[in-house]
1. Please state which one of A:Ser4, A:Ser53 is in a helix (DSSP H, G or I) and at pLDDT below 90.
2. So is B:Val214 of a type in the set (Val, Ile, Thr) and at the interface with another protein chain (Cβ under 8 Å from one of its Cβ atoms) or not?
3. Tell me, yes or no, whether region B:261-272 has at least one residue that is farther than 18 Å from C:Asn134 by Cα, facing another protein chain (nearest Cβ under 7 Å) and within 25 Å of the chain's Cα centre (by Cα).
4. With modelled with pLDDT of 95 or more and either over 29 Å from A:Glu49 (Cβ atoms) or in contact with a helix residue (DSSP H, G or I) (Cβ under 8 Å, 6 or more places away or on another chain) (or both) as the only criterion, which of C:Val31, C:Val5 stands out?
5. Filter region A:64-102 for residues that are assigned to a loop (DSSP other than H, G, I, E, B) and either aliphatic (A, V, I, L, M) or facing chain C (nearest Cβ under 7 Å) (or both) and give the result.
6. Which of the residues belonging to region C:84-137 are of a type outside the set (D, E, K, R) and either in contact with a strand residue (DSSP E or B) (Cβ under 6 Å, 6 or more places away or on another chain) or outside any helix (DSSP H, G or I) (or both)?
7. Scan B:Gly474, B:Gly448, B:Gly460 and give me the residue that is on the phi > 0 side of the Ramachandran plot and either surrounded by 15 or more Cβ atoms within 10 Å (Cβ to Cβ) or modelled with pLDDT under 95 (or both).
Amino acid sequence: MSTSPKTRDEATGPVVESGPEEGGTHHDHPGEAQYIKIALILAAITAVEVAFSYWEAVEGILAPALIAMSIVKFVMVVAFFMHLRFDSRLFRRLFIAGMGLALFCFTAVLTTFHVWTR
Amino acid sequence: MAIVTPQRPEALAPEQPLNTPVRFLRRPTGYTKGLWGWMTTVDHKKIGIMYSATAFIFFLIGGLEALLLRLQLGGPDNTFLRADTYNQVFTMHGTTMIFLVIMPLSAGLANYLLPIMIGARDVAFPRINAFGYWVFLAGGLFMYSSFFLGGAPNGGWFGYVPLTRNLPGHNIDYWVFGLQILGIASLTGAINLIVTVINMRAPGMSLMRMPIFVWMSLVAQFLLLFAIPVITVALFLLSFDRLFSTNFFNVAAGSDPLLWQHLFWMFGHPEVYILILPAMGIVSEVLPVFSRKPLFGYQVMVFSGIAIGFMGWGVWAHHMFATGLGPVAVSAFSASTMFIAVPTGVKIFNWISTLWKGKLTFPTPMLFAIGFVTMFTIGGLSGVTHGVVPADTQQTDTYYIVAHFHYVLFGGSMFGLFSGAYYWYPKFAGRMLDERLGKIHFWLMFIGFNMTFGPFHILGLQGMPRRVYTYPEGRGWDVWNLVSTIGSFVIALSILVFIINMWKNRKPQEVGDDPWDARTLEWTIPSPPPEYNFKEIPLVTSRDELWHRKYTEDEDGRSVRREVTLGQPHMAGTEVEPTGPEGSESPDHVQAPGDHADGGEENGEHEEHIHMPSPSYWPLVTAIGLPIVSYGMIYKTWAVAIMGGVWIFGSLYAWALEPATAPEDTPVHGPDTSGEDLEAVPA
Amino acid sequence: MSTTVTASSGSHTEIDPGHPPTSTGLTNEKVAMWSFLGSECLLFGALISTYLLFKGQSLPGTIQPVDVFDIPYTSVSSFVLLMSSLTMVLALAAIQRGDQRLTRVWLLTTALLGASFVAGQAYEFTVFVREGMNLRVNLFSSSFFVLTGFHGAHVTIGVLMLLSLYSLSMRGKLPPSKAETVELVGLYWHFVDVVWIVIFTLIYLIP
């Protein structure tokens, strides 16, 4: 009785049953070796971040550099550990909606307080 | 096709061993009736009714508060209410109407209707749904207990600091913790309805075929999802300042009071769209039915609703134009405020176009819907004038603003909700409300409403400040204040008419499935509906599905009634033929959400038993923990607070380990609690 | 999802009555969890913004970050939390493969790493308090403790959920068909980790 699995975000047809999700239908799913590699990269970036915070030579670009590195870590955890890269687009939209709204609104608020220029 | 096997009622109650030690701890079943049945229900319809009934009682209380305010303001230098009493009454009036009336009425309607309108049997998480109601009730009662425990909240519904940081007593603490509790109800409800609409639509019910009320409620739920956390933080910061002397709003320590305003209005502005969108959805359902025409520009209506929700995040500082933000910020927010009038205006034109050249009739729901369109337009126009910064600098903190938001919230939301009440009352209650009394209600309310709030525009422009308990003689404000006060009693009279109408028609009637000759799926099932909603999950082939089942079009494009309504369960020859690429499966092969299908028979004669989720008392038990924690925190009795926390955690644990559908509950659905028996159906 | 392939029995498909088919093919629970995480962005956004607003604004002469922060110490606990995300994802992989023992190992490890993080924070807080920094001293102290306290509370709830999963697994109540429960707890856990990435950078590292 199982129909062919469809995982489109909007249903324009009859309700479908999905096939087994994990490990079955998608083949670019990271394996354990990949996860360990990602973790090592994350650890390395963290080490660099800490090192930067002590290194006077980069003081001028410290804030943007740290933010950039954090963004990389953030995206890696969300995309790979949280599987967002491989999952339905709906999840991505739900999360980005929240993130986007938060970034926009709070940047606006802090701007009205002139936080960036003080 | 789902066939619900009939049995005689006596045979259905499961055997209960007589030696069960503590009977009341047994999980209630689908047969549990009476008060305990209601207290443990997870049926979205019952929950919707409870939300609506409770909200209506709060409406009466909030209305009484309004009458008290109007009595005090009916004449100059009045001493009917002392200043501090006035502050409590006006704070609670606003807080009640927004959080305990409009939001739960909208939630109740959405709860009842959304699953049915999308062809589902219940919401995604029925027990969380019940939890939301009990938390709402707990929050409302908790907040009102303050009247007896030292005084009600008295810092305005908007709670500006540093005043609320420093006000002595526990009034503000009740406000803060009460709103936190209510926020939990709203947030869980939002997640529930979002998942329901995304995931539980009937076959063929694509997003762009959903009734527009579903769409507007969905947008409102997304707004709740993202806005509630912001006020949650604001309230935590305020409560920590009050309880633990943190410095978030401590000006002496270098804090800026505007932080509160930004956080509050970042929630507050999406909040007003939360208040209006469901009512707009109702109007978009009612106008087409009584114009006998589809909604004009459905897609545009959907997109404008989404646009309003989205843009609503970019306008919040228009509540702060007079706070010294500086010309750049103020101009930016002024522009965005102007822009948001566009999708709103589009909706108004679309409603008018829906009415245009329709075959109009004017029963009470239609009167209230048209009342919405006209009164909301007025409120919207005054809103646009607020967006002009120099004008707003004059208008802010005057009665002109009070006029605006009462026109959009009463003339808008409440009129819309009354329209929905009259429209859907036959479906929920299985009774028709009296038309004559309904019309009297409408006209009295319309006149009283305009008498009460129309003068506020004038008073505001004449300089009368808001949020003050009295005004001196000789300012020229006396006459209009008196008119307004009289108007408020006319409103009260109209509500009495409404109550009389409900009372007069309290006996069940035979209203049939579709008394209005309507367009959407809720009118395909009995009034009131059985617990499982649909005997068979419908197959949807178009927007306004029911209309297309009843009517086809002749060569001139006019609606012509079909001889036989398509898609009636168990009637041969009425199967709805799927059309187009979406309908690639015949009805027999369709698996319905919530149905437990057994085996793999492909023919149309296999039986499906309808599993409904089982009732549970854990939602109620868990909800009780929230006020316990709050009382403990307010009075700094940490033992009580900790006990409340343990209570909540323990209940959540027990809840999580309890299956959604109890294995002991019989798989065969018996007579529903409305007493309606199932017809015997040939296999 | 409504069908689950039991790993051991080849091509036999059984209907899971708890998971009827849905319009998107995704489970209700997963859609709910992602919606919830979206809303949590706003919660932490508000707390972080409050901290950033008050950054550098505390009255001079009162305690400042540079007086109390111990970057090496906090780096270690950040590393611990980061690694707990790895063990979390390994736990998920284990249960999907049907390896019950390894699932429990990784679940417990994740819980222990999370608990170490919280313990580390608690210790850090006691040190700060001893150095004269409590909730009410100034803007920095209030916003710091509330922000990191909220985060710590989230981690604690995560640890409790992980221990519950461990306990369920010990009692044989966490078969591979329930892998999604682990996945959902994992999503929550990774989110809490990701929030810490932001906090660590903005609060500790950027001067």
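1. Working: A:Ser4 fails: in a helix (DSSP H, G or I).
Answer to the check: A:Ser53.
2. no
3. Yes, that holds for at least one residue.
4. Only one candidate qualifies: C:Val31.
5. A:Met82, A:Leu84, A:Ser88
6. Answer for region C:84-137, where residues must be of a type outside the set (D, E, K, R) and either in contact with a strand residue (DSSP E or B) (Cβ under 6 Å, 6 or more places away or on another chain) or outside any helix (DSSP H, G or I) (or both): C:Gly98, C:Gly132, C:Met133, C:Asn134, C:Leu135, C:Val137.
7. Working: B:Gly448 fails: on the phi > 0 side of the Ramachandran plot; B:Gly460 fails: on the phi > 0 side of the Ramachandran plot.
When all the criteria are applied, what remains is B:Gly474.
A quick yes/no check of all residues on (1) of a type in the set (S, T, N, Q); (2) buried (at least 17 other Cβ atoms within 10 Å of the Cβ):
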site: A:Leu62; (1), (2): no, yes
site: A:Ala68; (1), (2): no, no
site: A:Met82; (1), (2): no, yes
site: A:Arg89; (1), (2): no, no
site: A:Phe95; (1), (2): no, yes
site: A:Gly100; (1), (2): no, no
site: A:Phe106; (1), (2): no, yes
site: A:Thr111; (1), (2): yes, no
site: A:Val115; (1), (2): no, yes
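The values are calculated or read from the model by the stated rules, or taken from the named source; none is laboratory data. What you see is a predicted model, and the numbers here were worked out from it, not measured in a lab. Every residue, glycine as well, gets a Cβ built from its backbone with ideal geometry; the counts of neighbours run over all protein chains shown.
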